[in-house]
1. Quick check: the distance between the Cα centres of segment 357-384 and segment 389-456, to the nearest angstrom?
2. Suppose we keep just the alpha-carbon trace of the chain; what are its Rg and Dmax in angstrom?
3. Using a probe of 1.4 angstrom, how much of the accessible area of the chain is carbon and sulfur, in percent?
4. Identify all aspartates and glutamates with a Cα-Cα distance to Lys269 below 19 Å; exclude those on the same chain that are fewer than 8 residues away in sequence.
5. Whole Å is fine, so just give me how far the alpha carbon centre of segment 255-269 lies from that of segment 34-107.
6. Amide H of Gly131: which non-local residues (sequence gap of 5 or more, or other chain) have their own amide H closer than 5 Å, using H built in the peptide plane?
7. Could you work out how much longer the chain between Thr382 and Ser182 gets when fully extended? Use 0.36 nm per residue separation minus the Cα distance between them, nm to one decimal.
8. Suppose we look only past 20 Å in the calculated P(r) of segment 51-133. What percent of the Cα-Cα pairs does that tail hold?
Amino acid sequence: MSTIKQDLQLFNQIVERLLKDDLDNPVAARIPVEELKQKLDISLVDEPLAVEDFKKSLEELVLATPKTATNRFFNQLFGGKQSKAIIGDLLAVILNNSMYTYKVAGPQVAIEKEIITTVNKMIDYGPSSGGTFPTGGSMSNYMAMIMARDAADETTRNRGVNQQLIAYSSIESHYSNAKNASFSGIGRDNVRYIAADPQTGEMLPGKLKEQIELDIASGLKPFYVNATAGTTVLGAYDPINAIAAICEVHNLWLHVDGAFGGGAFFSEKYKHLLEGVNRADSFSFNAHKMLGTPMTCSVILVKDKRHLYHSFSNDAEYLYQTDSDDYNLGKSSFQCGRRNDALKFWTLWKAVGTKGLSNIVDHQFYLADIARQYIRKHPDYTLYSNDDSIAICFNYKNIDANELCTSLYEKGDLMVGFGQFKEDEFVRLITINANNSKEDILNFFTVLEAHVEKYF
Ligand SMILES: *Cc1c(COP(=O)(O)O)cnc(C)c1O
């Protein structure tokens, strides 16, 4: 038998062990950092390993790794396993194409383009629209900022930034905005953080307008607004229509960062949360968050694809594109070699249909409603989050959220994180794993309460 066949058998054996272990031990025992090298065979050595030893090392490593797909993981903005997407990602590894040219990626290019075209239709972007699959949501925000910078002054590409450009985002927006401002030559000090509604966490458009007018009056040049569809802590959706109206008056690039909550546009019931997204110049979402594909699967859509070519192709011959240029995706991406992140999203979408994606999103909101109902019914809890969010923020018996989450983790009961909004710190339960049921959510509270009973 060929080595690859044997290795794939080994792979299957290890995966079977893992899937069984996911059920028996949904939270992997935490290993203190200083004990890692004693507990696991991590060191690299000169001599080859016997097959059995290799297998044993791998199995131990896999079983000791934090489990992000089980019904006890609520820690981050991803979770669960969508097996139809996993097939796609495994095939992408086996095929090992690079997405820069049609010659090397062939029909995989059409896979990526099909997703981009279909999403663009769904969000009501016109025929000039385009997009690409960046390495993640941070990179999507970066690409948007670069396109905005170059659109504000087309000489920047060659001469560098030569005026004080000002970017705007909500105080609740993702931290990549600050980093991106530094990378792009805008400068961290030139990002204005706009206040959010103290109740909902949504950016206040009135404050945005005020700040823009103030900056213009000071002789500065506003160029870019980053609105968030699903803020990282509260899951709040900024009011896109109101923000777009301001951007249109001042001719500013509007990007909607939907890394977390942008996937809601797949749902008939919740797409209203993104109303106005068609007025934005660009929009991004992470399919590895709300849609449950493996990491990473990030998409940026651009209303006028010439901006993508202008900022990211090296020769900028975007005006003279031939059909084949349109299939040479390297002309609109940041990297040169690029992983095939589209296939896993396509296999999932193909298998479950747009209706299936809608169900995945709806189920997350349903689970969030279950959690909020539970919290509202039980007086020992304080709720901080709003409806229409899959981030349920709460405190239990006024216990310090940091202490509680750390204890739940160290005792191997639950993986859940904590967050902060204004003066409040709270537990932050993310119901993004669409494999979970109502019972899993209720069980979360049962486990948490039993834990508090025992340790606090
Ligand atoms: C997760 C997230 C990002 C960053 O995405 P990465 O893929 O982790 O780089 C950006 N913005 C928001 C709102 C997010 O939730």
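The values are calculated or read from the model by the stated rules, or taken from the named source; none is laboratory data. Source: prediction; values computed, not measured. As a convention, Cβ positions derive from the backbone with ideal geometry for all residues, glycine included, and neighbour counts pool all protein chains shown. Please note that ligands, DNA and RNA were not included when accessible areas were found on the heavy atoms of the full protein model with its side chains. Shrake-Rupley method; radii C 1.70, N 1.55, O 1.52, S 1.80 Å.
1. 13 Å
2. 23.4, 74
3. Numbers: 11050 of 21630 Å².
Summing carbon and sulfur atoms, their accessible area is 51 percent of the total for the chain.
4. Counting by Cα, and skipping residues close in sequence, Lys269 has these aspartates and glutamates nearby: Asp124, Asp238, Asp362, Asp369, Asp387, Asp388.
5. 28 Å
6. Val302
7. Taking Thr382 through Ser182 to full extension adds about 68.2 nm, to one decimal.
8. Values: 2081 of 3403 pairs.
That fraction is 61 percent.
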